[in-house]
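Colleague: Shown below is the structure under consideration.
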Amino acid sequence: MIAEKFKILQIVEEDILEALEKKGGKSSSLIIEPEIRVSRSFITEAIKNLRGKNLIKLEKDIVYLTEEGAKKAKDIAKKHSIIENYFKKKKDKKMAYKIASILEHYVSQEVINNIKKLSTFKEEGVLLENFKHEQGLITDITSIKLFERIISMGLCPGEKIKIVKKLPNGIIVRVENKKFALGNEIANKIRVLDYKKH
């Protein structure tokens, strides 16, 4: 529960920084609140944390990005832009924006670099169930319905994936140091590209 609250707070902090960056580095806190869909107590705590980290400053009702806050906000916006542009080729604009808004909080710089690489490839990969190589790069999650569930497992586009074992009804894979047993329902929703070719 504490870990979950910490993660939500971290996401809210990043969303506040990104919202401020879009507004030119300053905004009324009353304008930011409706844009970030969590309870007011989370926003209040996130603003307090951001002030403590010297990422924002408050003057009356106006929230300003500090120099350090502006740099972090630009990094978050850049990450969002890379992910959104990648998915615009595969999904509609609204879905690409939604995916980027989720992934920007979870993926590492290595994954972002892989997504940049993937955006230069013409191939889209094959469904994980049909993948014939030992390791690959995840290129897409084809199910909108299962997207968040698959992402929450750490199976993100741009992540390296290793096939451990194929089973009659699924597949065992490794992503970083985690192993997953995936049923065919999920394996059929993940596209993978041969990693060694690139």
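The values are calculated or read from the model by the stated rules, or taken from the named source; none is laboratory data. From a predicted model like this one, the values you see are computed outputs, not experimental measurements. Heads up, the Cβs are rebuilt from the backbone with ideal geometry, glycines too, and the neighbour counts pull from every protein chain shown.
This table checks each residue for (1) modelled with pLDDT under 90; (2) of a type in the set (D, E, K, R); (3) exposed (fewer than 14 other Cβ atoms within 10 Å of the Cβ); (4) assigned by TED's automatic domain parsing to the domain that holds K89.
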position	(1), (2), (3), (4)
S143	yes, no, no, no
F147	yes, no, no, no
S152	yes, no, yes, no
G158	yes, no, no, no
I163	no, no, no, no
I171	no, no, no, no
K179	no, yes, yes, no
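Colleague: While we're looking at this one, here's another question. Quick check, is I99 surrounded by 13 or more Cβ atoms within 10 Å (Cβ to Cβ) and of a type in the set (V, I, T)? Lay out the reasoning, then the answer.
Modeller: Values: surrounded by 13 or more Cβ atoms within 10 Å (Cβ to Cβ): yes; of a type in the set (V, I, T): yes.
Spelling it out, I99 is indeed surrounded by 13 or more Cβ atoms within 10 Å (Cβ to Cβ) and of a type in the set (V, I, T).
Colleague: Failed condition for K79, given (1) outside the structural domain of A19 (by TED's automatic domain parsing); (2) surrounded by 16 or more Cβ atoms within 10 Å (Cβ to Cβ); (3) of a type outside the set (S, T, N, Q), with all others met?
Modeller: (1)
Colleague: In addition: Somewhere in segment 53-63, is a residue within 20 Å of K7 (Cα to Cα) and either polar (S, T, N, Q) or surrounded by fewer than 14 Cβ atoms within 10 Å (Cβ to Cβ) (or both)?
Modeller: yes
Colleague: Still on this structure, I have one more. Please verify whether segment 89-97 includes one or more residues that are touching a strand residue (DSSP E or B) at 6+ places or on another chain (Cβ under 6 Å) and of a type in the set (G, A, S).
Modeller: no
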